[in-house]
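Beneath this line is the structure, given in structure tokens, with notes to follow.
What follows is calculated from the coordinates using simple rules that are stated; it is not laboratory data. All figures in this text were calculated on a predicted structure; none of them were measured in a lab.
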């Protein structure tokens, strides 16, 4: 991965099918079970204040929050509503892949865990949270539910991901420590 200044990661779903790749993200995780990570946009394009020169190409994944930020999306949720996740629902394998990819990015770019957030969390703060066409709720729910969508779900889902990403980072660091540690055969 290229060196540079990246400070945040935004988690998404694409709103498409399992194999439908979108270039608005840096990484698209395709497949329902056997996940393939597609690098879809150059990370370097977002290693800047994109508002200073919006005509230069960049990954426009989270409204107003793309500067120094990475967009990672699960290819899923085509035709989804909060109550019915449609023909391409978010899968456990995709959630695990989001966690692993984000953990690697956190380690590589020294991104604080608090800066790993869902698009739904940004939408709550910026006033466009919801399930209407011009609103966003990715990733506020991991499973469909008949109850009306609530903003608190965005935080709950974000915390769920952050806890697991933290555990994955810790796992990677402990494995690295074990590999780099000298053998003690006393």
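Structure data summary
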{"item": "Residue of 133, 96, 153 that the Gaussian network model of the chain assigns the largest fluctuation, springs spanning Cα pairs under 10 Å", "result": "133"}
{"item": "Whole-angstrom gap from region 20-54 to region 140-178, using each part's C-alpha centre", "result": "20"}
{"item": "Between helix 92-109 and the chain: long-axis angle, C-alpha atoms, 0 to 90°, nearest 10", "result": "50"}
{"item": "Crossing angle, helix 151-180 versus the chain [Cα axis fit, 0-90 degrees, rounded to tens]", "result": "20"}
{"item": "Highest-MSF residue in the chain out of 65, 175, 107 [GNM, Cα springs under 10 Å]", "result": "175"}
{"item": "GNM top mover of 161, 172, 27 - the chain, alpha-carbon springs below 10 Å", "result": "172"}
{"item": "Mean residue ellipticity (222 nm) of the chain, computed from DSSP H runs ≥ 4 via -39,500 (n - 2.57), nearest 500", "result": "-10500 deg cm²/dmol"}
{"item": "Mean separation of Cα contacts under 8 Å (6+ apart) over length of the chain, as relative contact order %", "result": "23"}
{"item": "Shape category assigned to region 49-117 from the gyration tensor of Cα positions, a/c cut at 1.5", "result": "oblate"}
